[in-house]
Structure formats: C-alpha cells, structure tokens
Amino acid sequence: MGIVVQKYGGTSVGNVERIKNVAKRIQKTVQEGTQVVVVVSAMGDQTDELISLMNQVTKKPPRREMDMILTTGEQISIALLSTALQELDVPSISYTGWQAGIETESEFGNARILDINPKRIYKSLKEGKVVIVAGFQGITEKEEIATLGRGGSDTSAVALAVAVKADYCEINTDVEGVYSTDPRIVPKARKLPAISHDEMLEMATLGASVLHPRAVELAKVHGVKILVRSSFSDKEGTYIKEANEMEQENVVSGIAYDTDVIKIDVLNMPNKVDTISSLFDSLASEKINVDMIVLSDRGTETFNLSFSVSIEDAERTIKTLKQHESELLFTDAFYEKDVAKVSIIGSGMSIHPGVAAKMFQTLSNEDIQIKMITTSEIKVSCIIPEEKGKNAVKILHSAFDLDTTEKAKVEA
Ligand code: ADP
Ligand code: ASP
Ligand code: MG
C-alpha cells in the first residue's frame, strides 16, 4: 500500500466547516486504499493573531516563548481535524511535531529540520490510522519546541514525505495550483500543469508564496514529487518534478513579485582590494543575508555600492555598517524601502537570447525605473519602485505571452 503526505494550509482549515470538508477529502483518499499522513497549518490567520497577542505583552518577545505560543495554533488544527475524521469513522491520531519525531536545530523562529524518526508514525499507520501532524514545528536536542519560519508547514510536509518514503507530497491550498504568477495580482494568470524543481525553487525564493522555498529545496534534493492543488475543488493541480521528466523547457514559465526587500546604498567607499570583503564579512557575522549587489567602480579613488536585504534586516544592516564605519571609511549609508523585486523565471531562458532585453524594454516602455538587476541561468530579477510593482507584473505577464482568457479561482 502506498503512502501519501497531504498538507492543508491555513485557509483550507480556516473554520470548522472547512475542517470537516478536509476530513471528507482525506476519507476519500483512505477509501482509495492509500495510507495517509496529513500535515496541517493553524486555522486562518491564527498565527498572525498569536504574534499580535504576544506583541501586546512586550515589544521584544523572547524567541523561545514566541515559539511556544505559535505552535499552539497548529495543535488546535490537528486535534479538530483528527476528531472530524473520527466522526466519519475514519481511525486517526494527532501528533505534535515532537510526537511525530521531528528533530530541529536550536534556532527559535527559523529552525531547520535535522532528522525525523518516523517510528511512531509507522506504528499508527500499521494500526490503520490516518496520522495528523502539526506543521511548522519540531523539537530541539534540548527538548525545546522550535518553529520552522513562516510558511514552514510546507517544509514539514516534504520532510515527512522523505522520512516515510511517500509516493508523493500533496500541497492542498486556496488556489488550484502553481500559476504563471500570483493569481491575486493577475487574474488572467495561467495554471501550469507542471514545473521543474529548479524553476519552482526560483519562483518560491523570489516571492511566490504558494510554496515555502525550503520545502522545494528539500524536494529537489530528495527527488520528491509535489502536487499543488486546491482543497476546495477536484481540478487537476500542478506537478513539481525533476527537469528531465518535463516535456519542454519554457522560455519564461512565471513571474514572481516580492515586496520584502530593501535597497541599501553605501557611498564613497575607498577603492582598495579588501574593502568589499570586510563589508560583507561584517554583515555575515551578524547573519544578515544579502541578495542582489551592484557596484559602480569608475576607476576613481572611491566607489558606491548598493545591495538588497530583507525588510526585517534593514535597521540591523545600517547599524552594523555604522559600527564598522571607522574601518570601512564610507561617507554615508542609508536604505530605500519603497522598492519591490520583480523576476522572470524560465528554464529555457539560457538558450534563448534577448529575454532580459525584452524585460528591460517592457519596463522602460511603461516608464518603470530599474534600480538593480541580477540574473542566473534561469531568472532575471529587477528592483523597481514599489508603487509600480503590480503593474510591472501585469505588463511582463502579457509581454511574455502568459495571459489566458480563463479567470483563476482563488479562495478568500
Ligand atoms: P497556504 O495557507 O495554503 O499555505 P499560502 O497563502 O501560503 O497558502 O499560499 C497560497 C497563495 O500563494 C495563493 O493564495 C496566492 O495568492 C499566492 N501565490 C503567489 N504566487 C503564486 C503563484 N505563482 N501561483 C499560485 N499562487 C501564488
Ligand atoms: N502557521 C504558520 C504560518 O502562518 C505555518 C504555515 O502556515 O505554514 O506561517
Ligand atoms: Mg503557505
């Protein structure tokens, strides 16, 4: 008998009716003769509500206590879903991350999964039960509860699929699959029948929130096939699979959009060989992740440098730079926050010249200023003013012939 891991996100379990609907969908899979491990998120916006509750107590919540409160959201969902299944006479059992054997690093708020011991899951499956696991959480070596970072239930699901050697991992959500871009921004977005792990990894990393980047990374490393589909319909979803299983390479498969970005400018740095390494060393020692970097060296005594970081690192980045001002000897450092990143992604890009040029031309036709650019074999990203961001996604979607006539279905 095959095993499948099914994950249901926050909207899918947003209220009791929806939880009962999810229970019926699981019952159907069980009746088809499949063993099911389920991962669930907290109901609706509960994680946000728990964060806000904590913020009413203190401006600087202790990370351990924050994880303690956040994991309760998923615990409510597992208990309700397991009970809803038992009401349908489907044997089931709910497990916290710890009970399911999920071991994580000791990094509260953003822990990586180190290992999963599926002993207890196997035992329950053998007893004919559906196993319901709380997403987004695990236990550290010191037996502390840790969370995996926002959106982390996707990662729990893929990691469990690896651990129990599932046939595939199903991500059930509030849209019918992975689209050429966020269907909430472009209703004419196209549902993709399939996409490679590499393309999906770029899409997710560059802002397509439909999947957590670490979940895709894990699936790529372990060759796990993912099916993204809707919890609310039986329409075919999107398969994420190995590139060699794909029939064709798309020049541009999708457009991603991300507003979680800040542009940092450092002015007049002395033009010496070790300046750049010293600057980025100081940021790395503070665990600040730098994304795009642009350097303008005109062969003069000083040069300017721009780079991007995520919004939550903005203040820390400026603080770190200022702390090292006496060694780095720049004249000023500041950030620009009203920017967004728009990216085009496609595995066929590397063999089709002119794709980047077409992107720049399309943006310039609409008078959209490009402030930074990065490229890889399968993507081009531009930092642009945030106010023009959504329009940029729409015009690029159309310019790369991705528009369809059918309106995408999204659940509120
Ligand atoms: P869940 O709660 O099920 O984990 P998320 O909100 O995390 O759901 O992810 C689903 C959302 O991802 C969709 O509602 C959609 O707005 C957004 N999204 C962004 N980019 C894409 C894309 N390319 N294809 C599909 N959905 C996308
Ligand atoms: N509930 C968590 C969040 O909102 C984890 C998840 O839904 O994946 O981020
Ligand atoms: Mg999600």
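Consider Arg120 carefully, then state whether it is open to solvent by 40 Å² or more (accessible area, probe 1.4 Å), in contact with a strand residue (DSSP E or B) (Cβ under 9 Å, 6 or more places away or on another chain), within 18 Å of Arg150 (Cα to Cα) and not aromatic (Phe, Trp, Tyr). Can you show your working first?
Working: open to solvent by 40 Å² or more (accessible area, probe 1.4 Å): yes; in contact with a strand residue (DSSP E or B) (Cβ under 9 Å, 6 or more places away or on another chain): yes; within 18 Å of Arg150 (Cα to Cα): no; not aromatic (Phe, Trp, Tyr): yes.
No, not satisfied.
When you look at Asn21, is it within 16 Å of ligand 2 (Cβ to nearest atom), farther than 19 Å from Leu148 by Cα and open to solvent by 30 Å² or more (accessible area, probe 1.4 Å), yes or no? Before you say what the answer is, go through the steps one by one.
On the way: within 16 Å of ligand 2 (Cβ to nearest atom): no; farther than 19 Å from Leu148 by Cα: yes; open to solvent by 30 Å² or more (accessible area, probe 1.4 Å): yes.
For Asn21, the condition - within 16 Å of ligand 2 (Cβ to nearest atom), farther than 19 Å from Leu148 by Cα and open to solvent by 30 Å² or more (accessible area, probe 1.4 Å) - is not met.
Restricting to the range 363-378, what's the tally of residues that are open to solvent by 30 Å² or more (accessible area, probe 1.4 Å) and closer than 12 Å to Val339 by Cβ?
Count: 3.
Does any residue in the range 155-177 that is closer than 18 Å to Ile26 by Cα come within less than 6 Å, Cβ to Cβ, of a residue that is hydroxyl-bearing (Ser, Thr, Tyr) and within 11 Å of ligand 1 (Cβ to nearest atom) six or more places away or on a different chain, and which pairs are these?
These pairs meet every condition: Asn172/Tyr8; Asn172/Ser12; Asn172/Ser231; Asp174/Thr11; Glu176/Ser230.
Only one residue in Thr47, Thr72, Thr11, Thr96 is within 16 Å of ligand 1 (Cβ to nearest atom), open to solvent by less than 70 Å² (accessible area, probe 1.4 Å), closer than 20 Å to Ala146 by Cα and among the β-branched types (Val, Ile, Thr), so which one is that?
Thr47
Here's the yes/no breakdown for (1) at pLDDT 90 or above; (2) surrounded by 15 or more Cβ atoms within 10 Å (Cβ to Cβ); (3) out of contact with any Gly (no Cβ under 9 Å at 6 or more places or on another chain); (4) of a type in the set (Ser, Thr, Tyr):
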residue: Leu279; (1), (2), (3), (4): yes, yes, yes, no
residue: Ala284; (1), (2), (3), (4): yes, no, yes, no
residue: Val290; (1), (2), (3), (4): yes, yes, yes, no
residue: Arg298; (1), (2), (3), (4): no, no, yes, no
residue: Leu305; (1), (2), (3), (4): yes, yes, yes, no
residue: Lys319; (1), (2), (3), (4): yes, no, yes, no
residue: Leu329; (1), (2), (3), (4): no, no, yes, no
residue: Ala340; (1), (2), (3), (4): yes, yes, no, no
residue: Gln361; (1), (2), (3), (4): yes, no, yes, no
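Just to be sure I understand, how many residues within the range 198-221 are in contact (Cβ under 8 Å) with a residue 40 or more places away in the chain, more than 16 Å from ligand 3 (Cβ to nearest atom) and open to solvent by 10 Å² or more (accessible area, probe 1.4 Å)?
Residues flagged as in contact (Cβ under 8 Å) with a residue 40 or more places away in the chain, more than 16 Å from ligand 3 (Cβ to nearest atom) and open to solvent by 10 Å² or more (accessible area, probe 1.4 Å) within the range 198-221 amount to 2.
Just name the residue that is farthest from Ala157 (Cα to Cα) out of those in the range 11-48 that are more than 20 Å from the chain's Cα centre (by Cα), of a type in the set (D, E, K, R) and in a helix (DSSP H, G or I).
It comes out as Glu17.
Going by the conditions given, is Lys263 basic (Lys, Arg), part of a strand (DSSP E or B) and either within 16 Å of ligand 2 (Cβ to nearest atom) or closer than 29 Å to Ser310 by Cα (or both)?
yes
Name the pairs whose Cβ atoms lie under 9 Å apart, with the first residue in the range 358-385 and under 23 Å from Asp198 (Cβ atoms), the second surrounded by fewer than 20 Cβ atoms within 10 Å (Cβ to Cβ) and among the basic types (Lys, Arg), and 6 or more positions between them or separate chains?
Within 9 Å, the pairs are Cys382/Lys371; Ile383/Lys371.
Kindly list, by first and then second residue, each pair from a residue in the range 392-412 that is open to solvent by 60 Å² or more (accessible area, probe 1.4 Å) to a residue that is among the polar types (S, T, N, Q), limited to pairs with Cβ atoms under 6 Å and residues at least 6 apart or on different chains.
none
Of all residues in the range 189-198, how many are away from ligand 1 (no atom under 11 Å from the Cβ) and outside any loop (DSSP other than H, G, I, E, B)?
Total satisfying the criteria: 4.
How about the range 150-188: which of its residues are assigned to a strand (DSSP E or B) and within 11 Å of ligand 3 (Cβ to nearest atom)? Spell out the reasoning first.
Taking the range 150-188 and keeping what is assigned to a strand (DSSP E or B), we get 168-173, 175, 179.
Selection gives Ile171, Asn172, Thr173, Val175.
Can you list residue pairs whose Cβ atoms sit under 8 Å apart, with the first residue in the range 261-286 being free of Cβ contacts under 8 Å to residues at least 24 places away in the same chain and the second being part of a loop (DSSP other than H, G, I, E, B)? Count only pairs 6 or more apart in sequence or on different chains.
Phe280/Val290
Quick check, is Ile255 at pLDDT 95 or above, crowded, with 20+ Cβ neighbours inside 10 Å and closer than 28 Å to Ile383 by Cβ?
Yes.
Hey, any hits in the range 229-240 for a residue that's within 16 Å of ligand 2 (Cβ to nearest atom) and either in contact with a Lys or Arg (Cβ under 8 Å, 6 or more places away or on another chain) or of a type in the set (A, V, I, L, M) (or both)?
Checked the range 229-240: at least one residue is within 16 Å of ligand 2 (Cβ to nearest atom) and either in contact with a Lys or Arg (Cβ under 8 Å, 6 or more places away or on another chain) or of a type in the set (A, V, I, L, M) (or both).
Within the range 171-180, is there a residue that is away from ligand 1 (no atom under 12 Å from the Cβ) and not polar (S, T, N, Q)?
No, there is no match, as no residue in the range 171-180 is away from ligand 1 (no atom under 12 Å from the Cβ) and not polar (S, T, N, Q).
The values are calculated or read from the model by the stated rules, or taken from the named source; none is laboratory data. Here the structure is a predicted model, which means the values were calculated and not measured. Note that each Cβ is placed from the backbone with ideal geometry, even for glycine, and that neighbours are counted across all protein chains shown. In case anyone asks, the SASA skips ligands and DNA or RNA and just uses the protein heavy atoms, side chains included. Shrake-Rupley method; radii C 1.70, N 1.55, O 1.52, S 1.80 Å.
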